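Report on the structure given below.
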Amino acid sequence: AYTALVMGQIPVTVAEGFYYLVNARDTTSGNVIEDLDAVTDLDGAYADGSKVYWETHLNTKAGVEEAEPQYRWEVKAATDSTFTIRNFGYDAYMGNVTANSTPYTLVKDVADAAQFQIGTSDVPGGFVFIRNNEVANGLHAASSNQAVVNWNVKGSFASAWKLVTVPGDVLAGMGEKCQELRKQFAQKALNDTLSKYFDLAKAAQAAGKS
């Protein structure tokens, strides 16, 4: 019955473009947000280069002055009824995740990207349910590690999102910030790899002496 309910959600008309993905849960009060303009502590999705998380204080950390690109998402039509979601900062998509409670990761190839249907949510106030097209699960701001995961509770505040348009002046001139962000991530990945090989070599050396 639940699957039938979710599959039967009413599609919402969404224009292609760049958005903040704002979650319905109000971190301060634990209640659903009734008025975005009146809330000082918004929760929203961002990426760290490999995984998708949600963050508090979105309106401060992703404000126009800071213009951090990892908080910006491009929603683009994949078919007549589905969309892909690409992180602007890292130029990578939310990958296809079908298992329940599994965190979303970033992928470079659009062929590996999840396709989402965007429809009505049980949470009032114009929020939407962003459902993976292959399953009944949708994007959910999990309390564990503040990861964005696949979850099957459509009526949960943490499974309800609002697509807030990113103003054009925020996107303009962000090329350098995106390049720096991707450079830092590549350097971190290289450092992690070198550290791993160093630890393996050190362990092999120790084993040889024993």
Output the residue which, of all residues in segment 147-171 that are under 16 Å from Asp43 (Cβ atoms) and among the hydroxyl-bearing types (Ser, Thr, Tyr), is surrounded by the fewest Cβ atoms within 10 Å (Cβ to Cβ).
-> Ser156
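Return the residue satisfying two criteria in turn: it lies in segment 75-119 and is charged (D, E, K, R) and closer than 14 Å to Lys51 by Cα, and of such residues it is least open to solvent (accessible area, probe 1.4 Å).
The residue in question is Arg86.
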Quick count over segment 129-146, residues being open to solvent by 10 Å² or more (accessible area, probe 1.4 Å), hydrophobic (A, V, I, L, M, F, W, C) and under 15 Å from the mean Cα position of the chain (by Cα), is 1
Residues (in contact (Cβ under 8 Å) with a residue 40 or more places away in the chain and not in a strand (DSSP E or B)) located in segment 89-119 = Gly89, Tyr90, Asp91, Val97, Thr98, Ala99, Asn100, Ser101, Thr102, Tyr104
Any hit, segment 127-134, residues being within 14 Å of Leu21 (Cα to Cα), touching a strand residue (DSSP E or B) at 6+ places or on another chain (Cβ under 6 Å) and assigned to a loop (DSSP other than H, G, I, E, B) = yes
Counting only residues that are on the phi < 0 side of the Ramachandran plot and either assigned to a loop (DSSP other than H, G, I, E, B) or at pLDDT below 80 (or both), segment 18-56 contains a total of 22
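The values are calculated or read from the model by the stated rules, or taken from the named source; none is laboratory data. Note that this is a predicted model, so its numbers are computed, not measured. Please note: Cβ atoms are built from the backbone with ideal geometry, for glycine as well, and neighbour counts cover all protein chains shown. Only protein heavy atoms, including side chains, enter the accessible area calculation; ligands, DNA and RNA are left aside. Shrake-Rupley method; radii C 1.70, N 1.55, O 1.52, S 1.80 Å.
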